[in-house]
């Protein structure tokens, strides 16, 4: 079981990276990864602070691809880097996660958005591995979440984070189903932690919708708890079920997919209906926080919603969910999407 050794959540934390790296004895040579935008938002300030105590090199990452992972690995080898820090959203953190895993060095996660639980999990989503599904890597050795930095991101990302957390309801149901039908390993503790995060966002939807510092804190806590639950389980099972397969299917077929958390939230409405859960409560929470609840709000044609539901079971055939091994028929997919108001 690998877990982050330090989690910092607060304000003005750009300089705190130095203290964390010293406390954890990470080594003298650091590599900072950021995107063109996140460099300006927080990356260059973090880099400036680090340079007072460490030898620091930097790399701009543009997308979560194996090419970027290889470029990062080349930099790690060429400069004999001891540790990484990723300042950015999911793509940058995923590249750092997989590169650090392959290079056997630690990495620190410094998220600039609160849009999905990858900020603290061991799983990396890399786009050009066939289907965009997560692969096992390592969790960050530390997570430093600066509320002021995250608050500057468009509110849409925070609402997407709620979608990713609320999907824990159906992910755990699918995990329980696989445990009963396939005898798959099931951890009650990991499942309870995952469900606690999902219940927390439902309870705090009115606070989250305000988009202030307190809103960011609530969502970040939920995302980190989800990441920890996955580390405890040793897989993404506590936070990734049929709704995630639906989202991955949309990533493949939709001309312009929405954010990961937005698609997972909409998928959760449908999958909750299939499980016989209170899907209306999930839809109501997503509406309350301003997250999409239908195809129109996702900006995706209803036809792609139906197709994604029928092919989702092929994305990770080894992962048993409510979709079963044969998937939904077109009629069943259309019925579920219409009843729940998704199309």
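Bear in mind that the values in this text are calculations on the coordinates, not laboratory data. None of the values given here were measured: they were computed from a predicted structure. All Cβ positions, even for glycine, are placed from backbone atoms using ideal geometry, and neighbour counts span all protein chains on display.
Report the FRET efficiency, 1/(1 + (r/R0)^6), for residue 19 and residue 188, where r is their Cβ-Cβ distance and R0 is 51 Å, rounded to 0.05. Could you put the intermediate results ahead of the total?
Working: r = 36 Å, r/R0 = 0.71.
It comes to 0.90.
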(message) Below 8 Å between Cα atoms, with a sequence gap of 6+, how large is the relative contact order for the chain in percent?
(response) 16
(message) When only alpha-carbon atoms are used, what values of Rg and Dmax, in angstrom, describe the range 6-151?
(response) 13.5, 42
(request) Starting from the Cα-Cα distance between residue 325 and residue 127, subtract it from 0.36 nm times their residue separation and give me the gain in nm to one decimal. (result) 68.9 nm
(message) Bins of 5 Å, beginning at zero and ending with the bin holding the largest distance: percent of Cα pairs per bin for the range 155-339, please.
(response) 1, 9, 19, 22, 21, 15, 9, 3, 0
(message) Within the range 205-239, name every residue whose backbone N is under 18 Å away from a label modeled 7 Å from Cα of residue 179 along the Cβ vector.
(response) 226-239
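Considering only DSSP beta bridges with both partners in the chain, what is the antiparallel share in %, to the nearest 5?
Numbers: 3 of 26 bridges.
The answer is about 10 percent antiparallel.
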(message) At a 10 Å Cβ-Cβ cut-off, how would you order 175, 83, fewest neighbours first?
(response) 83, 175
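For a protection proxy built on the mean count of beta-carbon atoms within 10 angstrom, sort 31-42, 61-72 highest first, please. Write down the numbers at each step before the final one.
Values: 31-42: 20.4, 61-72: 18.5.
So the peptides 31-42, 61-72, ranked by packing, come out 31-42, 61-72.
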(request) Take the Cα of residue 148, step 7 Å along the line toward its Cβ, and report every residue of the range 1-43 whose backbone nitrogen sits under 11 Å from that point. (result) 11-15
(message) Testing the spin-label approximation: label points 7 Å from Cα along Cα→Cβ at residue 1 and residue 63. State their distance in nm.
(response) 3.8
